[in-house]
Amino acid sequence: MQFIKMHGCGNDYVLVNENDVKGYIYPELAKKISDRKEGVGSDGLIVVGKSDCADLRMYMYNSDGSRGKMCGNGIRLLGKYAYERKLTIKTRLRVETDSGIKMLYLHTNGACVETVTVDMGAPVFEAKKIPVCSDDESILDKRVNICGRSYNMSCVSMGNPHAVIHVDEADIYDLCEDGSRIENDRMFPDRVNVMFTEVVSDDYIRMKIWERGSGVTLACGSGACAAFAACHATGRCGEHVKVCMPGGSVEVSYDENGKNIILTGDANEVFTGEYML
């Protein structure tokens, strides 16, 4: 099976064409190929396929085999994969995901895609739609107690659920302990991505990530969008921010209508290979 290892801000994925993995069970393949000792090693698997309603289809799986509805870093990698492997000649792509069709704008240098801009859609703050188990209509800037600890939290969906933890200093939190505790709390019936978010200035945010189904990751594109949405909604930042994560940074803003969130970041190929099953 031919594969390509790629990353966006250090958030790494194995990408394969659906034609090369026919007959395989995607969740099981994701767990095997993502293993960092016995597999290729990645935060997850992305299968690139055909779509009846868009240019391409993205199937995304976390390293534990669970399916993700959306991935802001992964969809940028898909754009680079498709253009450079000549699955498309377009630099404006419509990609079908489990959270709807997303528009991609590929920024190229010759035959190479260097960065990608994604229209991520509008953030969802309604608790039931995220989903969050709460009597409140939304969770914004609220003190929440989980397993005896108190967190200042905002909850947002960007096609997948995020708990944005507003902190003064992101580095002091234990991602493995705090992140895992929050991800698996009964408050989140579908589990949740956890973003420890520190606003440095009106246009600069620092963030550390515990990703649902993958654990500690160097970046999360949809999480950067969720952090921006939560910080903007609570008056912490402006209309355009740089979100700095351990693996790199992305640019996030609202579109000209102030509705959809626009994400721009890198897309990098690490290596190609053949995986024997």
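The values are calculated or read from the model by the stated rules, or taken from the named source; none is laboratory data. These numbers were taken from a predicted model, which means no experiment stands behind them. Note that we place each Cβ from the backbone using ideal geometry, even for glycine, and neighbour counts take in every protein chain shown. These accessible areas exclude ligands, DNA and RNA; they are computed on the full protein's heavy atoms, side chains included. Shrake-Rupley method; radii C 1.70, N 1.55, O 1.52, S 1.80 Å.
Computed quantities for the displayed model
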| read-out | value |
| --- | --- |
| Mean-position separation - Cα centroids, the range 143-193 and the range 1-51, in angstrom | 27 |
| Placed amide H near N260: partners under 5 Å, 5+ positions off or other chain | D255 |
| Backbone HN-Hα couplings from phi across the range 230-242 [Karplus 6.51/-1.76/1.60, Hz, Gly and Pro as x] | 5, 5, 5, 5, 9, x, 8, 9, x, 7, 9, 9, 9 |
| Rule-of-thumb Rg ratio for the range 156-277 [Cα; 2.2 N^0.38 Å; N residues] | 1.10 |
| Probe 1.4 Å, all protein chains present, accessible-area order of D12, D20, D203, largest first | D203, D20, D12 |
| Under 18 Å, Cα to Cα: Lys pairs in the range 80-232, sequence gap 8 or more or different chains | 5 |
| With every protein chain in place, the range 155-277: carbon and sulfur % of accessible area (1.4 Å) | 43 |
| Nearest-20 debye value, the range 1-146 charge dipole, Cβ charges on Lys, Arg, Asp, Glu | 380 |
| For the range 266-277, 3J(HN,Hα) per residue [Karplus equation, 6.51 cos²θ - 1.76 cosθ + 1.60, θ = phi - 60°, Hz, x = Gly/Pro] | 7, 8, 10, 8, 9, 6, 10, x, 10, 9, 9, 9 |
| Calculated from backbone phi, Karplus (6.51, -1.76, 1.60) coupling profile of the range 111-125 in Hz, x at Gly/Pro | 8, 9, 8, 9, 9, 9, 9, 10, 7, 7, x, 8, x, 10, 9 |
| Three-way shape label, the chain, alpha-carbon gyration tensor, a/c 1.5 | prolate |
| CD proxy at 222 nm, helix term only [per DSSP H run n ≥ 4: -39500 (n - 2.57); per residue of the chain; nearest 500] | -4000 deg cm²/dmol |
